[in-house]
Structure formats: structure tokens, C-alpha cells
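This is the structure I want to talk about, given as C-alpha cells.
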Amino acid sequence: MAAAPGGYSINVNDPSLIALVNKLQDVFTTVGVQNPIDLPQIVVVGSQSSGKSSVLENIVGRDFLPRGSGIVTRRPLVLQLINKPSPEKLQANGVTEDELKKTTDREANVDEWGEFLHIPGQKFFDFNKIRDEIVKETEAKAGRNVGISPAPINLRIYSPNVLTLTLVDLPGLTKVPVGDQPKDIERQIREMVLKQIQKPNAIILAVTAANVDLANSDGLKMAREVDQEGQRTIGVLTKVDLMDEGTDVVDILAGRIIPLRLGYVPVVNRGQRDIENRKKISAALEAEKNFFENHKAYRNKASYCGTPYLARKLNLILMMHIKQTLPEIKTRISTSLQKYTSELNQLGDSILGNPTNIVLNIITEFSQEYRTVLEGNNQELSSLELSGGARISFVFHELYSNGIKAVDPFDQVKDIDIRTILYNSSGSSPALFVGTTAFELIVKQQIKRLEDPSLKCVSLVYDELVRILGQLLNKHLFRRYPQLKERFHAVVIAFFKKSMDPTNKLVRDLVAMEACYINTGHPDFLNGHRAMAIVNDRHNSTKPTQVDPKTGKPIPAAMQPRAASPSLPTDGSDGNSGFFGSFFASKNKKKMAAMEAPPATLKASGTLSERENQEVEVIKLLINSYFNITRRTMIDMVPKAIMLNLVQYTKDEMQRELLEQMYRTQELDDLLRESDYTIRRRKECQQMVESLSRAQQIVSEVQ
């Protein structure tokens, strides 16, 4: 067996395992940090009237706990019992018999004493003074009133009359505030108790008075909330001697009422009169032994009843529990030590170097990280969601592309509007061919509609850059220097906004370029002749095929008789058709004696003639063809413009901009002032590393 650093080692079957856990508890309490390791311990719970204090004093064999009405235990008491054989000489423990005679404790002796963790090195042979110190230390943290505190008091008692054992005594459960107790005292105590017993490695010692219904036990109720199967709960039945005549707890001990895997132990405590008469605990233990040996219900199992058996049972359970959980404790200590050491390294040393060099390094590191995030070379790539440059690509190729494709050139321009534009663009002479002016006028209007989604794309990319900035500023380095973080944020946001102006201008110019010159010579453009041919084919396909009456064969479309040229109507039946006719339909007569002036506002109405339909269709084909070309151009060019003037520019110029705006000596000391959180957290991590290192050394003693 290898020796531990302390020069000795502990075997897993050694009772010293309990002492080892005591050392671990003391390490975390001494350093003043919350214990990050779930240590095996026995937690005592029960109502104020259940007899918890008497059970503990019987186990110790001495009076040492504060007594009184209401809440007496107002802080957790970690009671570490150490079996210490009697020394050969009276002076062996540093005290003489004359000194013992001066104490107020009639049972004071050199074999038994207590030590508090908060008063290292001082031995209390007078157990009355132990009680006074518990009261004093309780008031130091919880005040003189009846408030409670979760900060524990660690008391170690050495005696040849105890078995090595560790118990955590908690405030007694109560329902109704009494006297000066806070109104929410029940909630406060409940939360404190739950915090202790919900830990998986806690053994719950539920103390219940045997002369009340077991189903109403506050201690068992609380234990069942966190241990529903009763796997880690031990029941202690007090006041067995006060039960009604003819009743006993045999059914409870047999597990026929509320079964517990670790079982129940009945005990007999001193009554209130015994305590007032200062009956010695040794006499009380003798009376307890006689009660069980002589009671007809318990005499056959008397060896499994009483405080001595309870102490042996708890000692064995705790030792076995520690043995089972020790590998897990070692792992947890090692993992926690790595975690806090890593965080301490990230927080850095509180002693700063040259502020100029520190800020220069931070600017360089930030600029490089900004570049890598945009380029996708970041070490912290996520497999769960898109980030950095990938989100910008999504804006370009999904959001913007689909947004531009969704712009319909004809959702705001109807056929009747196109007809009006055609007539207006012809002037005073009816057009012989489809008008170029009308086509250009309409297509320019639609191209200008692409400006808003294009500028929106710029805004979305800006938002993504701000998002990247937020991620970079969320690093430990910037949490350490809050003023530096604020300055970085202000400078970079201003830099982004400054880059937005030329980017928006370039995007507007791209739209204006497309709108100012309509290139009908574009190779992908559907020219007028092809458009007219397509429209003619559509219309001819809908006409009925004429048959030669002589041969009965279809007449080719080219040989079919054409409609007569338009002429003045002879009967006035068609005089109302067409664009203008509809305005004078109500005024037309068979013979018009005079003409009236057109109305002040002349709008298109009436159905489109066949020729007008064909002209409108041709115009729509041309507009659709050219608008698709423009859409493809914008989908290609706008992302390039944004990358050039916003993304690439900020990536290339970020370091220069930060140096220009921040590298001023007079500001550096203020920027590098650490946050209160960083100072506090560094201290906490240092304490954790210190305590966990000592804990790791302690557990390394176990082979």
C-alpha cells in the first residue's frame, strides 16, 4: 500500500473514511466557499417537537445543544464525532485536573472535548461553554432574533464514548410562526432542509415522535419528497415510552406502515422533567436499555433498539456509503479543479502589464477573430446553427434572392393601365406599331421597385455584423474590462454605420443604372418581333379552322380571308367599341347633329379590342423579359456591392479603425479598469482552486 503525501494511507475498509470526509467538509468551510462536491453525510430532519436534540445528545452522551422554546437550531450544525481512546496521562490533552475542577460542567474530563472550526486550536472541555459558543456563533450570523442562516457551524467532538460519525442537524420544521418569528419562517426552513436532503449522497435521518400518527410526520413527509422509494432514509422513533398502553411500534419496525430500506430504530429520550432535573445522559441511556429489555413488545429485539444500536447502525451505513461514493467524489473533485483552474486562467492575473501593450494585443486579437468569423475559419464553429459569414451568405442567396424574385412587375400595373400608357405615349397620332416609349416607361417604374429590397439587404447584413460583434464582445476578456467593452462596441458600431453610407449609395446607384438605360440589345432580351410572333401564334391557335367548301380540307392560316380594314360603321352598332367609344356611348345617336367636348378627366374604360389585347400582351412579354434580366443582374451585383463596401471594407480596415479611435494613452488606464464581477469571481475561483487542491490531496490518501 503506497503512502499518502501526509505519510500514511487509508484503506477503503478503514473507519477513518468518515474522518476523511470530515476533513473535506472542513476544507470547504474554512476557505469560505460553497461546497461544490456532494459529500456523503447524515442529515437530521424533524419537527421542533420530535426530540431531535435529545437524540443527538444521547448519541454524544453529553448535554451540549441549546434548548428553549421556538426555533433553537437556527444554523446547520455539522457535528463530527471522533472516537478518541483515553490518554494514559491526565495532562496528555493539554489540561490539568485542577483546571477541570474550575469548569461549570460537572461531567468535564480530559477524555472528552469539543473544537470549533472557526476557533482553530481551542479545546472546549466544558460542554456548557460549547453550548454558549453555538449560541454566540449563531447570533453572529443569524442575529439575536429568530432569523435563520444557511452558513454551517462545524463542531468536532472527541470522546472515547462515541463512534466516529458525522451528522448535520437542521432547524426543526414548523408550521405556524410563534412570537417574533418571521411570517415566512416555514418557507425559509423548508428551503434550507430541502437544499441539504435533495443531494443524492445525503442519508436522511427522519426523527418522528412515536406517539403521533406516522402519516403526519413532518420529517418523513419531507424525506419522501426527495426520496420517494425510501432508499436513503432512516427512521428514528422517539417517545416510544410515552405511547398509550397496549400500543407499540412493532408494525412500523416491520415495515408494514411506511417501509424504508434502511429501517427504523426506536429510542427513549429524557423527558422535559429529566432535563430540568439535570438527569445525566448515562443514566438516561441505562433507563432506555431497561425499557426495551423489559417491554413485552420489544424484549425479543432489544438489541436492535435504543441509542447505542442507532449509533452503530449510522456508523456502519455512513462508512459503507462513503466507500461506495468515494470513486465518484474523486472524479468530481478532479473535474471541478480543472474547471475552476481553467476559469482562473481565463480571468488572468490581477497584476496588469503595460496598458499600451495590453490594448494593442486586444485590438489585434479582436480584428483577427472578426476576420476569421467572417471567413468561416473560427475555431468555435457550431454544428447546431449557422453563424458568422454563413448567415451573411444566407441573407444574400436566400432572403434577398427570394425577395427580388417575389417582385411581380404586373401586380401594380394592370392591362387597362398599359392600354392608357400606350395611347398616351402615341400622342395625337394613333400608333402603327407597339410603342417603345410605353415599354421603357413601365419597365423603368418596375426596376425602381427593386431599390427597397436591395437596401433592406444592406440593413440585414449590417444586423449580422452587429450580431458577430456581440458574440466577440461576450468573451471573458471583455467581461473582465467593462469600460473597454463599451468603448469597443461604440467604436465598431460607428465604423459599421460609417461604412453603411457608401454601401447604400452604391446599391442605389446600381438600381439607377438599370433604370436609366434600357438595353434592348441585351442578348437575353426577347425583341419586339419575337414577342409579336408569340402573341399572333396564341391568338391564331384560339380561332376556329376554316374549311374549303370545295375540297373539305382546312385552309392554311396564310390563305384565310383577312378582316376588312376598319371603316366607319354604317349602322352605328360598333361605334361604341374601342378606347374612346365608351366615353360617348350614352350620347351616340343614329344621326348625330353635333359633337360634345370630352370630359375634363378622361380615363380608359370598356373592354379591350382585339388589337389592344395583342398590343398589351406584347408589351407584357417585353417587360417580363427585360425585368427578369434586371432581377438576375441585381441578385448578382447587390451582394457584391455590399461585400465590397461593408463586409470586406470593415474586415480589412477594422484594426486600423480601432487603433485610430482607441490607442490614446490618456484613456487606457480607465479602459483597463476591471469590473467588480471579475475581481470577485477571481477571488472565488482562487478559493475554489485552493480548497479543491487540498481536497484532492486528502482523497489521494485512500488506496
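The values are calculated or read from the model by the stated rules, or taken from the named source; none is laboratory data. As the structure is a prediction and not an experimental result, all values here were calculated from the model. Please note: Cβ atoms are built from the backbone with ideal geometry, for glycine as well, and neighbour counts cover all protein chains shown.
Looking at region 127-138, which of its residues are surrounded by 21 or more Cβ atoms within 10 Å (Cβ to Cβ) and over 45 Å from the mean Cα position of the chain (by Cα)?
Answer for region 127-138, where residues must be surrounded by 21 or more Cβ atoms within 10 Å (Cβ to Cβ) and over 45 Å from the mean Cα position of the chain (by Cα): 127, 130.
Can you list the helices (runs of 4 or more DSSP H) found entirely within region 430-497 that contain at least 1 residues being within 30 Å of residue 644 (Cβ to Cβ), of a type in the set (Phe, Trp, Tyr) and assigned by TED's automatic domain parsing to the domain that holds residue 633? Can you show your working first?
On the way: elements: 436-448, 451-472, 476-480.
By residue number, 451-472, 476-480.
Sticking with this structure for a sec: Considering only region 310-324, I want to know if a residue exists there that is touching a helix residue (DSSP H, G or I) at 6+ places or on another chain (Cβ under 9 Å), modelled with pLDDT under 90, among the charged types (D, E, K, R) and over 21 Å from residue 240 (Cβ atoms).
Scanning region 310-324, I find at least one residue that is touching a helix residue (DSSP H, G or I) at 6+ places or on another chain (Cβ under 9 Å), modelled with pLDDT under 90, among the charged types (D, E, K, R) and over 21 Å from residue 240 (Cβ atoms), so the answer is yes.
Can you report the number of residues in region 139-161 which are buried (at least 21 other Cβ atoms within 10 Å of the Cβ) and in a loop (DSSP other than H, G, I, E, B)?
The qualifying residues number 1.
Output yes when any residue across region 297-304 is crowded, with 16+ Cβ neighbours inside 10 Å, over 25 Å from residue 79 (Cα atoms) and in contact with a Gly (Cβ under 8 Å, 6 or more places away or on another chain), and no when none is.
Of the residues in region 297-304, the ones crowded, with 16+ Cβ neighbours inside 10 Å are 297-298, 302, 304.
From what's left, over 25 Å from residue 79 (Cα atoms): 297-298, 302.
Pick out the ones that are also in contact with a Gly (Cβ under 8 Å, 6 or more places away or on another chain) and you get none.
The answer is no; no qualifying residue exists.
Could you look through region 305-323, keep only residues that are touching a residue at least 40 places away in the same chain (Cβ under 8 Å) and not hydrophobic (A, V, I, L, M, F, W, C), and pick out the one that is farthest from residue 687 (Cα to Cα)? Before you say what the answer is, go through the steps one by one.
To start, the set of residues in region 305-323 that are touching a residue at least 40 places away in the same chain (Cβ under 8 Å) comprises 305-307, 309-315, 317-319, 321-323.
Restricting the remaining residues to those that are not hydrophobic (A, V, I, L, M, F, W, C) gives 306-307, 309, 312-313, 315, 321, 323.
Working: 306: 43, 307: 40, 309: 40, 312: 36, 313: 36, 315: 32, 321: 28, 323: 27 Å.
Only one residue fits best here, namely 306.
Checking the condition aliphatic (A, V, I, L, M) and farther than 30 Å from residue 245 by Cα, which residue from 205, 155, 173, 214 passes? Walk me through it before giving the result.
On the way: 205 fails: farther than 30 Å from residue 245 by Cα; 173 fails: farther than 30 Å from residue 245 by Cα; 214 fails: farther than 30 Å from residue 245 by Cα.
The unique qualifying residue is 155.
Among (1) more than 30 Å from residue 621 (Cβ to Cβ); (2) within 36 Å of the chain's Cα centre (by Cα); (3) at pLDDT 95 or above, there is one condition residue 472 misses while meeting the rest; what is its number?
(3)
Here is a list: 363, 358, 329, 333. Which entry is surrounded by 16 or more Cβ atoms within 10 Å (Cβ to Cβ), over 19 Å from residue 659 (Cβ atoms) and more than 25 Å from the chain's Cα centre (by Cα)?
Details: 363 fails: over 19 Å from residue 659 (Cβ atoms); 358 fails: over 19 Å from residue 659 (Cβ atoms); 333 fails: more than 25 Å from the chain's Cα centre (by Cα).
It is 329.
Please specify each residue of region 445-458 satisfying the condition of being touching a residue at least 40 places away in the same chain (Cβ under 8 Å) and either surrounded by 15 or more Cβ atoms within 10 Å (Cβ to Cβ) or closer than 19 Å to residue 502 by Cβ (or both). Talk me through it step by step, then tell me what you get.
As a first pass, look at region 445-458 and keep what is touching a residue at least 40 places away in the same chain (Cβ under 8 Å): 446-451, 453-458.
Answer for region 445-458, where residues must be touching a residue at least 40 places away in the same chain (Cβ under 8 Å) and either surrounded by 15 or more Cβ atoms within 10 Å (Cβ to Cβ) or closer than 19 Å to residue 502 by Cβ (or both): 446, 447, 449, 450, 451, 453, 454, 455, 456, 457, 458.
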